[in-house]
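The values are calculated or read from the model by the stated rules, or taken from the named source; none is laboratory data. For clarity, every value in this text was computed on a predicted model and none was experimentally measured. With ideal geometry, Cβ positions are generated from the backbone for all residues, glycine too; neighbour counts draw on all protein chains shown.
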Amino acid sequence: MNLPNEFLEDMKKLFKSDYEDFLKTYTNDRYYGLRVNTLKIKKDDFLGISPFKLEKIMWSEDGYYYEEEEKPAKSPLYHAGLYYIQEPSAMFPVEVLDVKKNHKVLDLCAAPGGKSVQIASKLKGSGFLVTNDINSTRLKPLIKNMELYGITNFIGVNDSPQRLLNNFPDFFDRVLVDAPCSGEGMFRKDEKLIKSWLKTPVEDYKKLQFEILTNASKMLKNRGKLVYSTCTFNTLENEEVIKEFLKNNQDFILIDIKKEYGIKKGYGIDEVARLLPFNLKGEGHFLALLQKNTEIKDKEYNEVLKFDKKPQALIDFENENLNIKIDDRIKLIKDKVYLLPNHLVETKNLKVVRSGLLLGELKKNRFEPSQAFAMAFNKEIFKRVIDLKKDSIEVIKYLKGETIFVEGQKGLNLVTVEGFNLGFGKLSNNTLKNKYDKNWRYN
């Protein structure tokens, strides 16, 4: 790896006696991680069906190392949303955020969605999550990940921190700012970040980070907590941002992050945390935990209580295919049918790209369920289910969008693998017409 001389000189000054150990990490193998989606499966149950050799990531409640050659993204269990593939160090910020059931949470710089999925697993279907990214091209994978992992209590937003602040002052119990940064801690993972580092001065990132953090802090309730994190090494984007923020925001305090499993204190600030590749099995990460302490009373919000009438086509679909009735928190946007999350408040002028769970679409007086619908509910609500084995030819054919031949009940079926939802198919004469979303197909 061809590391810039300027970067190496900076790291020599930063790491001092640890510099040689730091350099050695670039010749060592990387570490790979996945995190179990406990919205769909318990950890022990996953370990019982996992085809991978796994080792616990100690700073993550649900995280495990896997061997590079095992390719977990190729497993049908991945397509069932049972785990998220994530760099091990990147699992730590949400653990520190301390999300509880019924919290209202903002993930401000969320794409591609790994930390939002992790937040949702801690909410356990309760509370309310706003997952936002200002980059519109990154929204599609973010929304797909939210849908793949069966998350319903969220809205997906494509907007600026300032416009979010206009809607949500003093609103959230928890805020995550995984800030855009120079990415020095990820050079080993993605060499393309070196070119980006050479183009954009670190000072430019600091200005942006401080602005984002300042806006984010104003969306936090009194006694609420905020995690600021980056995947870079230098102090300018890390400790210096926190120092400047605390100097300008005296109603915030810095909470000490427990240091264990090789996690170290910051440079000049003991309370923050450094995950460094020469101290633990992961890439470079920085994080600080802030708490708001003010005497100002929190703003009161009125939740959205007015919903659209449930379309007859959806009622007909329920009667024919489901064992339950869908909740009445229905919103119609053109021909699309959404199930709104609880605790949703009115949003003004925000670019909301997903208003809760996209149930499906109205087409010529009939309801066509979405891929998100298939992933969001327990399989027991569906009247007809076809289960495939994880090592079968049929499950791979299904994920590739091909027609498969199986036995079952005529009509729309939920297709599962080892009992976990994959998508829909329509069965007639033992021939399953494939309805798996073409944008999700197995490659």
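Filtered by the rule that a residue be surrounded by 23 or more Cβ atoms within 10 Å (Cβ to Cβ) and assigned to a helix (DSSP H, G or I), the range 211-227 gives L213, A216. Yes or no: the range 240-253 includes at least one residue that is over 25 Å from N166 (Cβ atoms) and in contact with a Lys or Arg (Cβ under 6 Å, 6 or more places away or on another chain). No - not one qualifying residue is present in the range 240-253. Which residue out of A90, A120 is assigned by TED's automatic domain parsing to the domain that holds R274 and in contact with a Cys (Cβ under 8 Å, 6 or more places away or on another chain)? Going through A90, A120 in turn, just one is assigned by TED's automatic domain parsing to the domain that holds R274 and in contact with a Cys (Cβ under 8 Å, 6 or more places away or on another chain): A90.
Selection of the range 298-334 for residues being free of Cβ contacts under 8 Å to residues at least 12 places away in the same chain and part of a loop (DSSP other than H, G, I, E, B) yields E300, L305, K306, K325, K334. Taking I396, is it out of contact with any His (no Cβ under 6 Å at 6 or more places or on another chain), within 30 Å of E418 (Cβ to Cβ), assigned by TED's automatic domain parsing to the domain that holds F424 and assigned to a strand (DSSP E or B)? For I396, the condition - out of contact with any His (no Cβ under 6 Å at 6 or more places or on another chain), within 30 Å of E418 (Cβ to Cβ), assigned by TED's automatic domain parsing to the domain that holds F424 and assigned to a strand (DSSP E or B) - is not met.
So, in the range 253-286, exactly how many residues are outside any loop (DSSP other than H, G, I, E, B) and buried (at least 20 other Cβ atoms within 10 Å of the Cβ)? Give the steps one after another, and end with the answer.
From the range 253-286, those outside any loop (DSSP other than H, G, I, E, B) are 253-255, 264-265, 273-275, 285-286; that's our starting set.
Next cut, buried (at least 20 other Cβ atoms within 10 Å of the Cβ) only: 273-275, 285-286.
Total satisfying the criteria: 5.
The sole residue among F210, F172 that is more than 22 Å from the chain's Cα centre (by Cα) and more than 29 Å from Y26 (Cα to Cα) is F210.
Among the residues making up the range 187-210, those that are at pLDDT below 95, in a helix (DSSP H, G or I) and surrounded by 14 or more Cβ atoms within 10 Å (Cβ to Cβ) are L193, I194, W197, V202. In the range 55-71, the residue that is nearest to I151 (Cα to Cα) out of those that are surrounded by 20 or more Cβ atoms within 10 Å (Cβ to Cβ) and either touching a strand residue (DSSP E or B) at 6+ places or on another chain (Cβ under 7 Å) or not aromatic (F, W, Y) (or both) is D62.
Would you be able to tell me the number of residues in the range 405-442 that are within 26 Å of D45 (Cα to Cα), hydrophobic (A, V, I, L, M, F, W, C) and not in a strand (DSSP E or B)? Going through the range 405-442 one residue at a time, the tally reaches 1.
Working only within the range 27-47, note down all residues that are more than 15 Å from F278 (Cβ to Cβ) and either over 31 Å from the mean Cα position of the chain (by Cα) or in a loop (DSSP other than H, G, I, E, B) (or both). Give the steps one after another, and end with the answer.
So the first thing to find is which residues in the range 27-47 are more than 15 Å from F278 (Cβ to Cβ), and the list is 32-47.
Passing the criteria: N37, T38, L39, K40, I41, K42.
Picking from residues in the range 400-430 that are of a type in the set (S, T, N, Q) and surrounded by 13 or more Cβ atoms within 10 Å (Cβ to Cβ), the one that is nearest to N378 (Cα to Cα) is N421.
No other residue among I194, I143 is within 30 Å of L8 (Cβ to Cβ) and of a type in the set (V, I, T) apart from I194.
Put simply, of K24, K16 the only residue that is in a helix (DSSP H, G or I), free of Cβ contacts under 8 Å to residues at least 40 places away in the same chain and among the charged types (D, E, K, R) is K16.
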